[in-house]
Amino acid sequence: MSDGKLVKDVMLGIFEYPHIPYWFSIEQAIKVVKASFIQPEKHMDPLAVLVFDEKYNLLGTVTLKDILRGLEPTFLKQPAKAQVLEEEKTGLAVVWDSLFKEESKKLAQKPVSEIMVPAKHFVDPGDPVTKAAYLMIHFDLPVLPVIEDKKKFVGIVRMVEVFDAISEEIIKE
Amino acid sequence: MAEKKRPEGLPEPPPEIYVAKEKRKINWKRIFFIFLGLAFFFGIYFSPAWPDAVDPMGKHFPLSKEAKGAIALFMMAGIWWVFEVVPIGVTSIAIGVFQAIFAIRSAKDAFRDFMDPSVMFIFGSVVVGLAFTKTGLTKRLAYNMLNVVGERTSMIVLGALVVTAGLAHLMAHTAAAATVFPILLAINALYGEGDKPTNFGKSLFIGMAYAAGAGSIVTFLGAARGPAAAGMFKEFTGRDIGFFELTKYMFLVGWIMVFLIWVYLMVFLKPEKKAIHGLKDKVKTMMKELGPMTGQEKFVIICVLAVICVMSLQSFVPALKPLDRSAIMLCSTLLFFLTGVLTIKELEEIPWNIILLFSGAMSIGFCLWKTGAAQWLAVNWLVMFQQAPWIVFVLAIATFVLIMTNFIMNVAAIAISLPVSLVIANYLGVAPDVILYASLVTAGMPFLLLIGAAPNAIAYQSGQFTPGEFFKHGIPMSIILILVLAVFLVTVWPLLGMPILLK
């Protein structure tokens, strides 16, 4: 894909994407995400919400998965101190539905900073889209911040556009 | 690009937006304890020669440079273990490295202990725990327990204690606690008080931590301290402790403690509610989710029972006697991997930190013993006990181990106290067996501090009790433990045939 698309060809502007400060609660984050659902022409699927500090610097992202994980009751998480194999707890998960009235609502009051994934992987506008694909595959990231000169945050690249660019290359005559 | 608009909760966007700089925190406490450990090591190692120890018969025991080095290293390892300045397994690496670099023992001797057969036995028993977890057997046991005990809170607490203790017969007590923990959290959530600490929650989690310890003393599979102590015992006395022999002496102590823990909890932390309504239905759904027992589960049960059988039969069948316990244990490891029950993923998830902890504990234990440091310490200590009756001495040792095991990992407590106690026992005419079993009983039950054993720390994650509350309930329970031990020392163990005094 040497003559293929670059990150700058597929990236979205920062303000085309929902973003929140780190002190917002999970519940507030949910409201922002829900509000963005009803603007399908812009971003019908907000794969992530951007999280900023009080000086408007990018801190990280919160995905739908992070929000759900934040609402998950403690018993579905692995005890941190135990050095044992992680278990799947499908059976126990049935108890979760009994806890929405109190426990999950309480958990929704936690700040997003506790569930946010810090921004550690970036692409440059001049990078090929394949680099973005690699980072998304290997670090399980639905969106990637685009930064210029290693510090200036200029946009966002999403999996949808990366998929589009790569799949077009594959199926074109 | 869309028009700039002010996002909710944030100030007016600046002309240029940057990525926040990562904040780096310096952990001064950790740095302090790293240097404190090193200061102890170098302070003792380079100090002028220490005076000889003199026994009641007037015999002198000089402290060689290597023995002083062993004490220096023991101090450093103790500080690093207690304050976890590096992962506990890495402290063990330091034990090997310091012995080799400072000529306390040869590198060959220091590092050979890292793969001692006892360590391999521990590795094998950790793998048994993994197989139980991976196949879902532990969950099946726990759900069945819930099904049996019903909805009464007192019975739920008893069921939790029995299952935790029972699992700790077959797998490391840490693994048993970690498996039961999420299930108990779910039960506690159904109790309906949210995160609020309740007597029920306290009983459940403090009880789980205590029962994991009590159950783990019964077999060699329950905790690494058993095989580690038996390994040292063999090295020091030339005698092997059989699988059945350990269980014969420990079974009653372990289970009496489980029931005493329950009685204590039901008196002092009586649950506020009598029952959790609806629990039975939930359990039914949970069990349905598990489905019928799979072939893999059956295979794991057969393998583990076969291993336990062969190890138990060693005490009765002379032909089986020469078989090494670790080799028998590792047969199950081989079978699990050969049949695909476990894969490379599980091999990589083995808690190497814990395995290394045992390696280091063996290495420092043997180091204290082989350099003569244990003898020097014991003789100096002996003065306090020279006139004491044997029971006072044995209980004093057990209490010392009980206190130590609260501060450092119980394997390390055994590794430190056993070499010294066995030397003193010899002077006082007490059989080494009594020292071994009494030490193993108290080493398994650190009821006071959260750092004493991993199940304590796991239980604390429930948020149901404070370290202070754990300590408060630990004091009476520790006293009860010493009383139970005293009763066993004078009545039950001699009846079961344990040698008490040297002829």
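The values are calculated or read from the model by the stated rules, or taken from the named source; none is laboratory data. Because the structure is predicted, anything quoted here is derived from the model rather than measured. Positions of Cβ are backbone-derived with ideal geometry, glycine not excepted, and every protein chain shown enters the neighbour counts. In case anyone asks, the SASA skips ligands and DNA or RNA and just uses the protein heavy atoms, side chains included. Shrake-Rupley method; radii C 1.70, N 1.55, O 1.52, S 1.80 Å.
Here's the list of aspartates and glutamates a cross-link from B:K370 could span, going by alpha-carbon distance under 13 Å and ignoring same-chain residues fewer than 8 apart: B:E66, B:D109, B:D113, B:E235. Our summary gives segment B:84-201 a relative contact order of 19 percent, counting only alpha carbon pairs under 8 angstrom and 6 or more residues apart. Summing both sides, the accessible surface hidden between B and A at a 1.4 Å probe radius is close to 4300 Å².
In this structure, B:C309 and B:D281 have a Cβ-Cβ separation that, at R0 = 35 Å, corresponds to a calculated FRET efficiency of about 0.35. Cross-link partners of B:K139 among aspartates and glutamates, defined as those whose alpha carbon lies under 14 angstrom from its own and excluding same-chain residues fewer than eight positions apart: A:E86, A:E87, A:E88, B:E289, B:E297. Accessible area per residue for segment B:122-348 in Å², computed with a 1.4 Å probe and the full protein assembly in place, what is it? Computed with neighbouring chains in place, this is 37 Å² per residue.
Under 5 Å from the amide H of A:L59 lie the amide H atoms of A:V51, A:F52, A:D53, B:A20, each residue being 5 or more positions distant or on a separate chain, with H modelled from the backbone and absent for Pro and chain starts. Once the Kirkwood radius over Cα pairs is known for chain B, the Stokes-Einstein relation at 37 °C and 0.692 mPa s delivers a diffusion coefficient of 135 µm²/s. Taking every residue in B:133-144 and counting other chain Cβ atoms within 10 Å of its Cβ, the average works out to 2. Based on C-alpha pairs under 8 angstrom that are at least 6 apart in sequence, segment B:1-86 has a relative contact order of 32 percent. The charge dipole of chain B, taken about its Cα centre with unit charges on the Cβ atoms of Lys, Arg (+1), Asp and Glu (-1) only, comes to about 440 debye. With coordinates expressed along the principal axes, the C-alpha atoms belonging to the protein assembly as shown extend over 94, 62, 50 Å, beginning with the largest. Each peptide in B:70-82, B:27-39, B:137-149 was scored by the mean count of other Cβ atoms within 10 Å over its residues; highest first, the order is B:70-82, B:137-149, B:27-39.
Of all lysines in the structure, those lying under 17 Å Cα to Cα from A:K172, and not within fewer than 8 positions of it along the same chain, are A:K5.
Across the options B:P48, B:L313, B:Q387, the greatest Cα extent toward the positive end of the charge dipole of the protein assembly as shown (unit charges at beta carbon of Lys, Arg, Asp, Glu) belongs to B:Q387. Name the residue, out of A:F75, A:F122, A:F52, whose mean-square fluctuation peaks in a Gaussian network model built on chain A with Cα pairs under 10 Å. It is A:F75.
Placing unit charges on the Cβ atoms only, positive for Lys and Arg and negative for Asp and Glu, gives segment A:7-171 a dipole magnitude near 620 debye about its Cα centre.
Pairs with C-alpha atoms separated by more than 18 Å, drawn from the list A:K34/A:K55; A:K55/A:K152; B:K196/B:K270; A:K89/B:K288, are A:K34/A:K55.
Rounded to 0.05, the FRET efficiency of the B:A319 and B:F259 pair, given R0 = 51 Å and the Cβ-Cβ distance, is 0.85.
Each Lys or Arg adds one and each Asp or Glu subtracts one; over the other residues with Cβ under 14 Å from the Cβ of B:Q99, this totals +3. Between B:M384 and B:I302, the modelled labels are 5.4 nm apart [label points 7 Å from Cα along Cα→Cβ]. The distance linking segment B:245-287 with segment B:368-404 is 36 Å (Cα centroid to Cα centroid, whole angstrom).
Using every pair of distinct Cα positions in segment A:7-171, the Kirkwood expression returns a hydrodynamic radius of 17.4 angstrom.
Give me the percent of accessible area attributable to carbon and sulfur for the protein assembly as shown, probe 1.4 angstrom. Its accessible area is 65 percent carbon and sulfur atoms.
Highest mean packing first, where packing is the average number of other Cβ atoms within 10 Å per residue, the peptides A:19-25, B:237-243 line up as A:19-25, B:237-243.
Annotation: amide H-H contacts under 5 Å for B:V430 (H modelled 1.01 Å from N, sequence separation of 5 or more, or interchain): B:L502. For chain A, the relative contact order is 31 percent, taking Cα pairs closer than 8 Å that sit 6 or more residues apart in sequence and dividing their mean separation by the residue count. Of the peptides A:154-163, B:274-283, the order by per-residue mean of other Cβ atoms within 10 Å, starting with the highest, comes out as A:154-163, B:274-283.
For segment B:439-482, the share of alpha carbon pairs falling in successive 10 Å distance bins from zero is 29, 57, 14, 0 percent. Counting only DSSP H runs of at least 4 residues, each contributing -39500 (n - 2.57), and dividing by the residue count of the protein assembly as shown, the helix-based mean residue ellipticity at 222 nm comes to -18500 deg cm²/dmol. Here the average projected area of the convex hull drawn through the C-alpha atoms of segment B:303-433 stands at 10.9 nm². Working note: Cα atoms of segment B:122-348, range along each principal axis, descending, whole Å: 56, 38, 29.
Net length available on complete extension from B:K234 to B:V392 is 54.4 nm, with 0.36 nm assigned per residue and the Cα-Cα distance removed.
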